[in-house]
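Quick notes on the structure that follows.
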């Protein structure tokens, strides 16, 4: 299955401070801390496993502004 | 096509113009609860469609910089006084949605009195109380809500009830009052609880939109840095240690406020004349009302403290009031009384004045060289600059403004009181601009000056200004 048919989240590496609150929040373990570091010196989180249900818990838990954007897959037939 | 289900709220600025680097991120530490609450409030503001009438009262504490993030009206309140400020906004602006956002040091410490009385009056405002059981901004000192045994910078052995008292449950204190309509304590310990916090925040704001009354949401929030934990550990600690002391849950949710509000339209208004009578100033009023302004006057008067810069501004504003014009006066001065720099912004207009701030004046009166250097470039083209040439030896460099160089300090010295220099400058301004008349100035001066023995001197200063104008203009 391609990316088009799945929910996903986008984590802005510039805005993530790597606190990992989203990782704990995600009920499906979709998020992990990556190995790269961003300009602020934080190891930022990244979307890893594509089991996302677009529940938004990571979005609501995240303490940064707009670090996470949640995308919902298109409805069937849409 | 994928649809965006959750994204940054519209009531947060796209980028943050803050002094520290990082236009994309908050100034909060990684894992701080403030950002989460900001996001939840911003989303609620978006969804309720109240962005254009929301006024956010930010506290002293880490969230002092909320104005960097929220694209709504903002007042940064003195420490702990946000509920008082919010009450004032509520009483003067019925349409505003007033949010008081406070931390534990702010609300439960220095501001305890303000929050209790605002709640007791049942002001139709929404208070968000961020309780992280520690003073975050100042580096982790004990807060009123610090739990027993919790180690902080000021309780290195842990908080001890015999020494520092017990942690204060604010939600319980508020719920002992009759007036509040909604009181809930929520937690940010995990995602499910964040979603409950989201509902409480929305409800508290919705109540205000529905004019129900005072809503209070206490949010238990992690402070990983000062608790000396990771963000994840902090959330676990919050759940295991803070929540037993401060049990989460709803304490009150009334369908409507416990009293009917006074309908302002039905209350007889006290006339301005009556107020002046009560204050005992009614008879001293000066009414001229003959001036027609060529254009709105945005005036900056600048000089050293002690040169009469601020009081001249008040004098000018009082004259404008006497002329029946609208006016504002806004002082700005350093910590020093005398010798420091000072300036006053005065607006004079026929119509209501939106802001008292004058960034680009069309009239500049400067009493010394540093002020001329500082403000010369801000004057709008076609404006006028009045310079005290006794203390500002150089000429005005701008060619697109009218410049008047008047040796007012020397002239005032000759009259016997150097303090009256600014009045001479004001006199010349009055004659050149016609914004106020000399007759009004002469009538207002005795009312504006506290030391009555200086009235004559200032009258002579006016004469000196008139004489200079006659000779030079």
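Readers should treat all values here as calculations from the given coordinates under stated rules, not as data from a laboratory. No experiment lies behind these values; they were computed from the predicted model shown. All Cβ positions, even for glycine, are placed from backbone atoms using ideal geometry, and neighbour counts span all protein chains on display.
When Cβ neighbours within 10 Å are restricted to other protein chains, what is their mean count per residue of peptide B:226-237?
Average neighbour count from other chains, rounded to a whole number: 2.
What's the angle, to the nearest 10 degrees (0 to 90), between helix B:82-92's Cα axis and the longest principal axis of chain B?
60
For peptide B:184-194, what's the mean number of Cβ atoms from other chains within 10 Å of each residue's Cβ?
Other-chain Cβ atoms within 10 Å of each residue's Cβ, averaged: 3.
Which angle between 0 and 90 degrees, to the nearest 10, do you get for helix B:309-322 versus the longest principal axis of chain B when only C-alpha atoms count?
On a 0 to 90 degree scale, this one is about 80.
Under a crude label model (7 Å from the Cα following the beta-carbon direction), how far is residue B:451 from residue B:264 in nanometres?
4.2
Give, in whole angstrom and from largest to smallest, the semi-axes √(5λ) of the equivalent ellipsoid of the stretch B:373-425, with λ running over the eigenvalues of the Cα gyration tensor.
24, 10, 8
Determine one quarter of the surface area of the Cα convex hull of the stretch B:290-472, which equals its mean projected area, and express it in nm² to one decimal.
For the Cα atoms of the stretch B:290-472, the hull's average projected area reads 9.6 nm².
So, in nm, how far is label residue B:277 from label residue B:46 when the simple model puts each one 7 Å beyond its Cα toward the Cβ?
The two pseudo-label positions are separated by 5.5 nm.
Rounding to the nearest 10 and keeping the result within 0 to 90°, find how far the Cα-based axis of helix B:455-472 lies from the longest principal axis of chain B.
Taking Cα atoms only, the helix is inclined about 60 degrees.
Using only the alpha-carbon atoms of the stretch B:34-261, report the extent along each of the three principal axes, biggest first, to the nearest angstrom.
Projected onto its principal axes, the Cα set of the stretch B:34-261 covers 49, 32, 32 Å.
Given only helices, namely DSSP H runs of n ≥ 4 each adding -39500 (n - 2.57), what is the per-residue ellipticity at 222 nm of chain B, to the nearest 500 deg cm²/dmol?
-9500 deg cm²/dmol
If you restrict to DSSP beta bridges whose two residues both lie in chain B, what percentage is antiparallel, to the nearest 5?
Working: 22 of 61 bridges.
Among the beta bridges of chain B, antiparallel pairing accounts for roughly 35 percent.
As a test of understanding, state the convex hull volume per residue of the stretch B:124-226 from its alpha carbons, in Å³.
In the stretch B:124-226, the Cα hull volume divided by residue count equals 101 Å³.
Can you tell me what share of the DSSP beta bridges in the protein assembly as shown is antiparallel? A percent to the nearest 5 is fine.
Close to 45 percent.
Please work out the ratio of the alpha-carbon Rg of the protein assembly as shown to 2.2 N^0.38 Å and round it to two decimals.
Values: Rg = 29.4 Å, N = 551, 2.2 N^0.38 = 24.2 Å.
Ratio of Rg to 2.2 N^0.38 Å for the protein assembly as shown: 1.21.
Order the peptides A:53-59, B:410-416 from the highest to the lowest mean number of other Cβ atoms within 10 Å of their residues.
Numbers: A:53-59: 20.0, B:410-416: 16.7.
Answer by packing, highest mean first, reads A:53-59, B:410-416.
Any chance you could tell me what percent of the C-alpha pair distances in the stretch B:427-473 go past 16 Å?
When every Cα pair of the stretch B:427-473 is considered, 37 percent fall beyond 16 Å.
Other chains' Cβ within 10 Å of A:22-31 residues: what's the mean? Let's see the in-between values first.
Values: counts 2, 2, 6, 6, 1, 2, 0, 0, 0, 0.
That works out to 2 on average.
Please sort B:192-202, B:153-163 by packing, taking for each peptide the average over its residues of neighbouring beta carbons within 10 angstrom, highest first.
The most tightly packed comes first, giving B:192-202, B:153-163.
Determine, for each peptide in A:34-45, B:316-327, B:70-81, B:123-134, the mean count of other beta carbons within 10 angstrom over its residues, then list the peptides with the highest first.
Highest-to-lowest ranking by the protection proxy: B:123-134, B:316-327, B:70-81, A:34-45.
What is the Å³ per residue value for the convex hull set by the Cα atoms of chain B?
Details: hull volume 102.3 nm³, N = 473.
Each residue corresponds to 216 Å³ of Cα convex hull volume.
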